[in-house]
Structure formats: C-alpha cells, structure tokens
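Report on the structure given below.
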Amino acid sequence: MDIPLKNSLFDICPAKRVPLTERLLRIAVPFVIGGFYILLCFLFMPYESALLLGGLMLGYLVPPAGKESIVPLGIALGIPWWLIAFSIGLMDVLAGIFMALNCDVAVKIPLLGRWIRRFLEKGNEFVSKRPWLEKFYFSGVVLFVMFPLQGSGGIGGSLVGWMIGLSPGRTLLAITIGAFLGCTLIAIGSQAIRDLLLSNPAAGILALVAVIATLVISYSFYRWKIR
C-alpha cells in the first residue's frame, strides 16, 4: 500500500522533495519541543528525579514498553502521577507530530520503516478487524491511542488516522486527546493501587491481582475477537 503524498505543513508527507532547510525544520520540531520540556524538568525538579523521568520517557520508545508499563513504573518510583501521565502522553504527541511532518522520512528509517510498511500492507485487514475505528472515525482514533493495544500510540495512531481518512491535523488532535486521557486514567489507577498497598498491603495486593487478571482476560478476548 502506497503512502499518500500531500503538500501542506501538517500533511502526512510532502508531495515533492522539500528544500533542505524545510526538511531540517520538520525533523527538528518534535525534538525541540521534547528537549525544551526535558530542560524545564531539569530546571524545576531535583536532578535525580529529572534524570529518572527522562529515562522513562526514552524507555517508552523501546518496544515492548508501553504506557501500561511505564506509567505505573514511574509512579512506583515516586514520580507524581500527573507528571508521569503528562510526560508519557507528550511522547505520543511528539511521535504524532514527527509522523505528520516526516512520514516520508519515517518509512526510510530501517526498523521503523519496515514496521510502518508492514502495518500499511495489512491496512485493510487491520481496519476490517476493528470496525469501531471507521464507525467512530475521530473518536475511533482517540480510543485506539487511549487504550494500550498492540501498535497503538503516536505512530500507530497516525497510520490508523490516515487509513480511515482523517486529515493529519485531526489525526494529531485525536492522538493528543487519546494519549493524555489514556495515560491519565492509567496513572490515577496506579496511584490508587500504590496508596492502597501502602495503607493496606493485603487489600492492595488483591486489587493489583484483580487489575492484572482483568487486563489479561480483556487482552486475550480482544486478540480472539480480531482473529
């Protein structure tokens, strides 16, 4: 499946070869935003805490890490729930910005490009197994990014938005909403379990086991439904 070529600042791929200056600007935008955020963290947080937060944000980029594992880990390590939720949500948004501006470059990145091409080649099958994506359209992308499904996140959300016909701008908005909502819900739940473990270890362990069991059963059912 070919990637559509359009010519607009926030379209998924320029229609023609862009000048070097514009290309560098497109690539730099998400990195500048992310770098500025990390700088703020180091300015206003203890050095060790900022270093830990930065490491978790980078770790989120390495498969199979996801928001469902990085956010609870950050809370367990003492990072405030709202801060880890915003930081990991921001990573999805930055990935969405990179895809919106540089999808034609992303497909040429060795490992990432191979994954994108494989994702697009199975595009029709992927969407047909998830009819709710087309049914809910914009909200479908929000839900896709919000829940920790395989391939979800800023990059997967960008591709899904394109496949169901969303404009890159609306796709990026859907990714932003889904990323922050998903990370916030996971963070609040994780914080509640952490507080329960500290105040009542037995009840906390039971709650943790129940949550893990629910997630495993839900994911197994989801995988069975899309076969």
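No value in this document is a laboratory result; all are computed from the given coordinates. This structure is a prediction, so every number in the text was calculated from the model and none was measured. Counting neighbours? That spans all protein chains shown, and the Cβs are built from the backbone with ideal geometry, glycine included.
Pick out, from 144, 120, 64, the residue whose Cα sits farthest towards the positive end of the charge dipole of the stretch 20-225, with +1 on the Cβ of Lys and Arg and -1 on the Cβ of Asp and Glu.
Checked the options; the winner is 120.
Taking the alpha-carbon centroid of each part, what is the distance from the stretch 129-195 to the stretch 77-119 in angstrom?
The stretch 129-195 and the stretch 77-119 have Cα centres spaced 12 Å from each other.
For a protection proxy built on the mean count of beta-carbon atoms within 10 angstrom, sort 160-166, 141-147 highest first, please. Show your work: numbers first, answer last.
Numbers: 160-166: 20.9, 141-147: 24.6.
Result, highest mean Cβ count within 10 Å first: 141-147, 160-166.
Given charges of +1 on the Cβ of Lys and Arg and -1 on the Cβ of Asp and Glu, with all other atoms neutral, how large is the dipole of the chain about its Cα centre, in debye to the nearest 20?
On the way: 19 positive and 11 negative charges, 145 e Å.
Magnitude of the dipole: close to 700 debye.
Which helices of the chain meet both criteria: a Cα extent of 27 Å or more along the helical axis and a mean Kyte-Doolittle score no lower than 0.0, with helices taken as whole DSSP H segments?
Answer set is 20-44, 81-106, 168-199, 201-225.
Which label belongs to the value computed from this structure, given these candidates for Rg and Dmax of the Cα atoms in Å: (i) 17.3, 54; (ii) 20.1, 69; (iii) 18.6, 62?
(iii)
Lys pairs in the chain, Cα-Cα under 18 Å, at least 8 apart or on separate chains: how many?
Values: 6/16; 6/108; 16/108; 122/225; 129/225; 135/225.
Here the count comes out as 6.
Rank the residues 103, 183 as a footprinting-exposure proxy: fewest other Cβ atoms within 10 Å of their Cβ go first.
Details: 103 23, 183 28.
Fewest-to-most Cβ neighbours within 10 Å comes out as 103, 183.
Rank 154, 91, 49 by how far each Cα sits towards the positive end of the charge dipole of the chain (+1 on Lys, Arg Cβ; -1 on Asp, Glu Cβ) and give me just the farthest.
Farthest towards the positive end: 154.
Given the -39500 (n - 2.57) contribution per DSSP H run of 4+ residues, what per-residue ellipticity at 222 nm results for the chain, rounded to the nearest 500 deg cm²/dmol?
Values: 11 runs with 174 residues, N = 227.
Here the helix-only value at 222 nm equals -25500 deg cm²/dmol.
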